[in-house]
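Heads up, the thing below is written out as structure tokens.
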Amino acid sequence: MEKDCLFCKISHGQMKTDLLFENDHLVVFRDINPHAPVHLLIVPKRHIRSINDLTESDNRILAEMIMTARQMAKKEKVNVSGYKLLFNVEKGGGQVIFHLHLHLIGGWDK
Ligand code: 5GP
Ligand code: ZN
């Protein structure tokens, strides 16, 4: 766990946030500033700065993040209407929290 990292704190229960899903590897919660009716963040518990910092050994967590997003889309009833999955990478890519996270954005028809 990285000191002073907001998503480390949230994913380790050190900052109270309603979790929609949690297992040993990742958590899912709603974005505080949603860009659409459904805007979730899929966040690994282990601190990884960004997509740039992934290694071959991270293939499993990456796949798990995407498969969890897929399940959450179904749970939030946006799987049929459709949704976006987005990684912002580093400052120029719009990343402001430097702890890896996958955005699930959708529900425009709601
Ligand atoms: P980034 O731009 O780094 O890809 O996205 C970070 C996201 O985290 C932003 O969409 C922002 O609204 C969200 N966020 C920042 N602080 C908090 C927080 O304390 N709680 C929650 N739930 N979301 C946050
Ligand atoms: Zn972190």
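No other residue among ASN52, ASN79, ASN59 is closer than 22 Å to MET1 by Cα and either assigned to a loop (DSSP other than H, G, I, E, B) or within 16 Å of ligand 2 (Cβ to nearest atom) (or both) apart from ASN52.
Inside region 42-61, residues that are open to solvent by 10 Å² or more (accessible area, probe 1.4 Å) and closer than 25 Å to LYS110 by Cβ make up a count of 0. Is there a residue in region 87-106 that is open to solvent by 40 Å² or more (accessible area, probe 1.4 Å), more than 16 Å from ligand 1 (Cβ to nearest atom) and assigned to a loop (DSSP other than H, G, I, E, B)? Looking for residues that are open to solvent by 40 Å² or more (accessible area, probe 1.4 Å), more than 16 Å from ligand 1 (Cβ to nearest atom) and assigned to a loop (DSSP other than H, G, I, E, B), one finds none in region 87-106, hence no.
The values are calculated or read from the model by the stated rules, or taken from the named source; none is laboratory data. Since the structure is predicted, the reported quantities are computational estimates derived from the model, not experimental observations. Don't worry about glycine lacking a Cβ; one is built from the backbone with ideal geometry, like all the others, and counts go over all protein chains shown. Just the protein is used for accessible areas: all its heavy atoms, side chains included, with ligands, DNA and RNA removed. Shrake-Rupley method; radii C 1.70, N 1.55, O 1.52, S 1.80 Å.
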